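Please read the structure below before turning to the comments.
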């Protein structure tokens, strides 16, 4: 990856440390997004990959080759899509968790509206990703 080497050479050590720290923080936020329905996982992992690509070949390779996230990130970045079954499961779980949160956990109307708006945005994003017949992790 030539861009990785060019980018790393042109940044100072404090900036490199900052980018690695931010990348690690966003990996953590992405992992939290697996368990918190309104927090997206993919954008934070993609942001982490971009930050690592600018700052550390070692961290970038660790994330891209991670057995849990690596193939998912590669497929997403390469536009290979996700399987239709996973789309259906994702959208179903999204609406179940957002619906339960909006109905049972939140009493403020504007927060409920915000939750529904977030769910609609995430759903539109997932629907727009092209389907893939087989998805290997």
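Overview of results
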{"read-out": "Condition check for residue 67: assigned to a loop (DSSP other than H, G, I, E, B) and in the same structural domain as residue 32 (by TED's automatic domain parsing)", "value": "yes"}
{"read-out": "Filter pass, residue 103 being loosely packed, with under 13 Cβ neighbours inside 10 Å, over 12 Å from the mean Cα position of the chain (by Cα), outside the structural domain of residue 127 (by TED's automatic domain parsing) and assigned to a helix (DSSP H, G or I)", "value": "no"}
{"read-out": "For residue 74: the one exception among (1) at pLDDT below 85; (2) surrounded by 14 or more Cβ atoms within 10 Å (Cβ to Cβ); (3) within 17 Å of the chain's Cα centre (by Cα)", "value": "(2)"}
{"read-out": "Any pair with Cβ under 8 angstrom, 6 or more apart, that starts in segment 13-40 at a residue that is within 15 Å of residue 73 (Cβ to Cβ) and ends at one that is at pLDDT 90 or above and not in a helix (DSSP H, G or I)", "value": "23/56"}
{"read-out": "Answer residue from segment 47-71, given it is closer than 30 Å to residue 102 by Cβ and buried (at least 17 other Cβ atoms within 10 Å of the Cβ) and is modelled with the highest pLDDT among those", "value": "48"}
{"read-out": "Subset of segment 77-93 that is part of a helix (DSSP H, G or I) and touching a residue at least 40 places away in the same chain (Cβ under 8 Å) - its residue that is farthest from the chain's Cα centre (by Cα)", "value": "84"}
{"read-out": "Test set (1) more than 20 Å from residue 131 (Cβ to Cβ); (2) out of contact with any helix residue (DSSP H, G or I) (no Cβ under 8 Å at 6 or more places or on another chain); (3) assigned to a loop (DSSP other than H, G, I, E, B) - residue 96 fails condition number", "value": "(3)"}
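The values are calculated or read from the model by the stated rules, or taken from the named source; none is laboratory data. These numbers were taken from a predicted model, which means no experiment stands behind them. Every residue, glycine as well, gets a Cβ built from its backbone with ideal geometry; the counts of neighbours run over all protein chains shown.
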